[in-house]
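Structure record follows, encoded as structure tokens.
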Amino acid sequence: MAQPAFPARHPCSRARVQLACAVLTLALAAAPHAEQTAGVRWTAPSGWQNQGESPMRAATYVVPRAAGDQLPAECVVYFFGVGQGGSIDANMERWAGQFTEVTSAPAKATIGHRVIHGMKTTTIDVSGVYSGMGGPMAAGAHKLQGYQLLGAILEGPGGNIFVKFTAQTATVAAASKAYEQLLASFDAVAH
């Protein structure tokens, strides 16, 4: 049976229904929504594009670059599994070790501790020449000057959640408030 055709100005006309669906789809896509893993939920800052999950990555966000910065900026949320990913101290040491001064001396890292929604959190802020991932998988990696890492390890109910934001220093400065909003949004999922 054929559906009745409504006049073009009728609220149920095909064109108006399609337009309403398109507007709703765009609004939902633009609205921040919560991500979650291992019993923890968070909300990405507006403008940070989630590239989705991949092995060990609960989310990978492309962060908008500051004017003049040419290199990619990303913030990754990792979950390796309960009891996996190494100790907090070992990760802080490894992350700090990915940076040197221009003179090749170790870069000074600032380590902090706080509680976010009841979860113990260890943070790091380090900048300088970034060598990226260490170890055998990083053979031939570039060294990037003027880079910065803001990182955090949250002791969540289902295991540690690792957050690593790396970018050129101007981009980190421009996005630091958004990064802090991201950290502040981490919360245990109610059961």
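Please treat every number below as a calculation from the coordinates, not as lab data. Given the structure is predicted, the values throughout are model-derived calculations rather than measurements. Ideal geometry is used to build each Cβ from the backbone, glycine not excepted, and the neighbour counts take in all protein chains shown.
Counting Lys +1, Arg +1, Asp -1, Glu -1, what net charge surrounds L150 among other residues with beta carbon under 11 Å of its beta carbon? Provide the component values of the computation, followed by the final result.
Working: positive: K164; negative: D125, E180.
Charge balance in the 11 Å sphere: -1.
If packing is taken as the mean number of other Cβ atoms within 10 Å per residue, what is the order of 177-185, 154-162, highest first? Before the final figure, lay out the partial values.
Numbers: 177-185: 16.3, 154-162: 20.6.
Result, highest mean first: 154-162, 177-185.
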Derived scalar couplings ³J(HN,Hα) [the range 163-178; Karplus, 6.51 cos²θ - 1.76 cosθ + 1.60; whole Hz; x for Gly, Pro]: 10, 9, 10, 10, 5, 5, 4, 5, 5, 4, 4, 5, 9, 5, 5, 5
FRET efficiency estimate (nearest 0.05) - Cβ-Cβ, R41 to Q84, R0 22 angstrom: 0.65
Nearby aspartates and glutamates by direct alpha-carbon distance to K164 (threshold 18 angstrom, same-chain neighbours under 8 apart not counted): E35, E53, E74, D89, E93, D125, E155, E180, D187
Quick one: which residues, 5 or more positions from K120 or on another chain, have an amide H under 5 Å from its amide H? H modelled 1.01 Å from N in the peptide plane, none for Pro or chain starts. E155
If you bin the C-alpha pair distances of the range 98-190 every 5 Å from 0, what whole percents do you get? 3, 13, 21, 21, 17, 13, 8, 3, 1, 0
Label-point separation in nm, Q49 to A170, each point 7 Å along Cα→Cβ: 2.1
Sorted largest first, extent of the range 32-188 alpha carbons per principal axis (Å): 42, 33, 28
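Around G86, under 11 Å between beta carbons, what's the net of Lys plus Arg minus Asp minus Glu among the other residues?
Working: positive: R94; negative: D89, E93.
Value of the local net charge: -1.
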